[in-house]
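Report on the structure given below.
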Amino acid sequence: MFSRDNRSNTPTSSTGAGTTESSMSSSTDYQRSAPARTAAPSIISPDLKIKGDLHCAGDIQVDGHVEGDISSRSITIGEAAQIHGAISAESIRICGSVNGQVKGATVTLAKTARVTGDVLHQTLSIEPGAFFEGQCRRIDASQAGANVASIVKDKTTTVSTPAAATPSQPTAARA
């Protein structure tokens with residue numbers, strides 16, 4: 001099962017770089033049959049402080065302190081994390097402190113979350129005990145998908161709703 005085949009090391013017809021066609025075809029077959037792996041999330045540890053924007057095509061887990069905007073496919077903010085900036089992703093789970101706009105298709109505020117800022121979402125879940133100060137605005141699937149995907153490429157993308165579809169905003173004073 002794990003033994004080396006001696007025939008693959010014999011030069012039957014060389015391709016130039018010391019490999020043979022037979023060994024190349026077997027490695028190509030292996031690559032085709034290998035299951036697709038997902039990358040591990042990028043982790044900002046609790047003892048790390050970052051000043052600047054973070055952009056990632058994969059997943060980010062923040063347990064430290066970030067002063068800047070974060071955009072990714074999926075973001076998890078740990079209980080001890082502190083974020084001062086905007087967050088944009090398809091899926092966002094907040095357990096720590098965020099001071100800034102949160103924009104995502106699926107946003108979850110855990111019971112330990114402290115969010116000060118506006119939340120733009122397609123789906124919003126707030127667990128009992130979470131602190132949220134700001135406005136929340138629902139965006140439809142086409143806006144969430146198009147804008148969140150483009151945020152990873154261009155952080156200046158904003159979400160806008162048509163004037164006719166915008167519900168009247170209450171004029172409540174913020175504390």
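Here are the numbers for this structure:
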read-out	value
Hits in the stretch 54-74 (condition: within 11 Å of ILE87 (Cβ to Cβ) and charged (D, E, K, R))	ASP69
Selection from the stretch 109-120 of residues that are more than 18 Å from GLU67 (Cβ to Cβ) and surrounded by 20 or more Cβ atoms within 10 Å (Cβ to Cβ)	LEU109, ALA113, VAL119, LEU120
Only one of SER42, SER25, SER14 that is touching a Cys at 6+ places or on another chain (Cβ under 9 Å) and modelled with pLDDT under 95	SER42
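Table: residues versus (1) of a type outside the set (Lys, Arg); (2) in contact (Cβ under 8 Å) with a residue 60 or more places away in the chain; (3) farther than 20 Å from ALA40 by Cα.
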residue	(1), (2), (3)
VAL62	yes, no, no
GLY68	yes, no, yes
SER71	yes, yes, no
ILE75	yes, no, no
ARG93	no, no, no
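The values are calculated or read from the model by the stated rules, or taken from the named source; none is laboratory data. The model shown is predicted, which means the values in this text are computed figures rather than measured ones. Quick reminder, even Gly has a Cβ in these numbers, built from the backbone with ideal geometry, and neighbours come from all protein chains shown.
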